[in-house]
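To start, the structure itself, in structure tokens.
The values are calculated or read from the model by the stated rules, or taken from the named source; none is laboratory data. Predicted, not measured: the structure shown is a model, and the values here were computed from it. Cβ atoms come from the backbone with ideal geometry, glycine included; neighbour counts cover every protein chain shown. With ligands, DNA and RNA removed, areas are computed over all heavy atoms of the protein, side chains included. Shrake-Rupley method; radii C 1.70, N 1.55, O 1.52, S 1.80 Å.
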Amino acid sequence: MAIAGGGGIAIRAATPEDAAAIAAIYAPHVLVGTASFETEAPDARQMRTRMAASEGLYPWLVATVGGETGGVLGYAYATRFHAREAYRWTVEATIYVADVAQRQGAGRLLYEALIDTLRAQGFTQAIGRIALPNEGSIALHEQVGFRRAGVYREVGYKHGRWIDVGTWQCELNEPSSPPEEPKRFADVGVVRG
């Protein structure tokens, strides 16, 4: 799959029809990798449920090759950072890219679109969590504006070993007082640049 330099890559809002492709991209990270601390890979139905749980507020984006109707190369999404109301201007951002699309530009285009969209929505901070070591994910996060915020030591046990989790933080917007409520993704759509 030749996608170097971002040629032919489209970024769009994920739809329920993308759930099977999203589940397929995620499964190896669950079953053999350590990027996810889940131990059972969710199927397409479970992914559709997760997407629907965003209730139009939090974005789910996909990168496709060959135009907007092409195959899904990766996905990125934001979720609530914490359940307590005072955290509602902060999101947790996540990205997964198919193995065949690693280090070919799709991840950066996708993550930049997610960050731009979150900024347009009015969120103030994005938090990324990275199971360590993972130099590729660290590089991607830092390319789009995240900075190291700390490390939780040996907080996950998977595949016979303890794993550290690093936290990266990206300032999306200058916090104001009082802050305006974030706009719904359903009202903003995908923002690029």
(request) Indicate the gyration tensor shape class of the stretch 8-135 (rounded, prolate or oblate), computed on the Cα atoms with a ≥ b ≥ c the square roots of the eigenvalues: a/c under 1.5 is rounded; otherwise a/b larger than b/c is prolate and the rest oblate. (result) rounded
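Given the -39500 (n - 2.57) contribution per DSSP H run of 4+ residues, what per-residue ellipticity at 222 nm results for the chain, rounded to the nearest 500 deg cm²/dmol? Walk me through the numbers before you get to the answer.
Details: 5 runs with 51 residues, N = 193.
Result for the chain, helices only: -8000 deg cm²/dmol.
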(request) Using the Karplus curve 6.51 cos²θ - 1.76 cosθ + 1.60 with θ = phi - 60°, work out ³J(HN,Hα) for each residue of the stretch 147-160 in order, rounded to whole Hz, and write x for Gly and Pro. (result) 10, 4, 10, x, 9, 9, 7, 6, 9, x, 10, 8, 6, x
(message) Given contacts defined as C-alpha pairs under 8 Å and at least six residues apart, what's the relative contact order of the chain, whole-number percent?
(response) 22 percent
(request) Post the alpha-carbon centroid distance, the stretch 148-193 to the stretch 93-113, in whole angstrom. (result) 16 Å
(request) Could you work out how far apart the two model spin labels at Ala41 and Tyr157 are, taking each label as a point 7 Å from the Cα in the direction of the beta carbon, and quote it in nm? (result) 2.5 nm
(message) If you roll a 1.4 angstrom probe over the protein chains with everything in place, what fraction of the accessible area of the stretch 79-193 belongs to carbon and sulfur, to the nearest %?
(response) 47 percent
(message) Using a probe radius of 1.4 Å on heavy atoms only, what accessible surface per residue do you get for the chain? Whole Å² is fine.
(response) 51 Å²
(request) Give the Rg (one decimal place) followed by the Dmax (whole number) of the stretch 66-192, computed from C-alpha coordinates and expressed in Å. (result) 15.5, 47
(request) Determine the relative contact order of the stretch 110-193: mean sequence separation of Cα pairs under 8 Å and six or more apart, normalised by residue count, in whole percent. (result) 45 percent
